[in-house]
């Protein structure tokens, strides 16, 4: 086995977290779809797909290192958002939480001297910077536009800004 049981268990937990994020982003996409804000819906559907791919990347690593795959129960997503701003705030909060989770995994891998895991996890560290930055920018744009001007956010996204 190329991975400790403690690190394998922690990564299994993270697989569940990534799958939960995928579901949450699908729910946020549905929120925007119901508002007929299809650019925002598309952005969150794409984000949902990325989160599932993150889970699959971790899943593959656990299997390849012989850690034993044990995907935990996935928490249910929030279903209602009072505003577009609240939906994106939830996404940003999630990305910040995931950043802490990835840091914890990296700390565990480093404490165990697991250089294979550190190599894989470094990709996730870099990815989290991108994800947090994207959600911070989107939240800023939504706040500037305000709830009554979300079509300007749609236009912003059409021009490849996000």
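What follows draws every value from the coordinates through simple rules; no lab data is involved. Please read these numbers as outputs of a predicted model, since none were measured by experiment. Neighbour counts are summed over all protein chains in view; Cβ atoms, including those assigned to glycine, are modelled from backbone coordinates with ideal geometry.
At-a-glance table
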item	result
Residue 88, sole failed condition from (1) over 18 Å from residue 16 (Cα atoms); (2) assigned to a helix (DSSP H, G or I); (3) free of Cβ contacts under 8 Å to residues at least 40 places away in the same chain	(3)
Residues being farther than 19 Å from residue 56 by Cβ and under 19 Å from the mean Cα position of the chain (by Cα) - total across the stretch 78-117	21
Qualifying residues in the stretch 91-115 (those that are within 16 Å of residue 44 (Cα to Cα) and in contact (Cβ under 8 Å) with a residue 40 or more places away in the chain) - the one surrounded by the fewest Cβ atoms within 10 Å (Cβ to Cβ)	92
Those residues of the stretch 65-85 which are in a loop (DSSP other than H, G, I, E, B) and closer than 19 Å to residue 36 by Cβ, in sequence order	79, 80, 81, 82, 83
Residue in the stretch 14-31 that is out of contact with any helix residue (DSSP H, G or I) (no Cβ under 8 Å at 6 or more places or on another chain), in a helix (DSSP H, G or I) and without any contact (Cβ under 8 Å) to a residue 24 or more places away in the chain present	no
Flag if residue 56 is loosely packed, with under 15 Cβ neighbours inside 10 Å, in contact with a helix residue (DSSP H, G or I) (Cβ under 9 Å, 6 or more places away or on another chain) and assigned to a helix (DSSP H, G or I)	yes
Test for residue 142: is it in a helix (DSSP H, G or I), out of contact with any strand residue (DSSP E or B) (no Cβ under 6 Å at 6 or more places or on another chain) and either closer than 30 Å to residue 8 by Cβ or touching a residue at least 40 places away in the same chain (Cβ under 8 Å) (or both)	yes
Sole exception among (1) touching a helix residue (DSSP H, G or I) at 6+ places or on another chain (Cβ under 8 Å); (2) buried (at least 18 other Cβ atoms within 10 Å of the Cβ); (3) farther than 18 Å from residue 124 by Cβ; (4) touching a residue at least 40 places away in the same chain (Cβ under 8 Å) for residue 70, by number	(2)
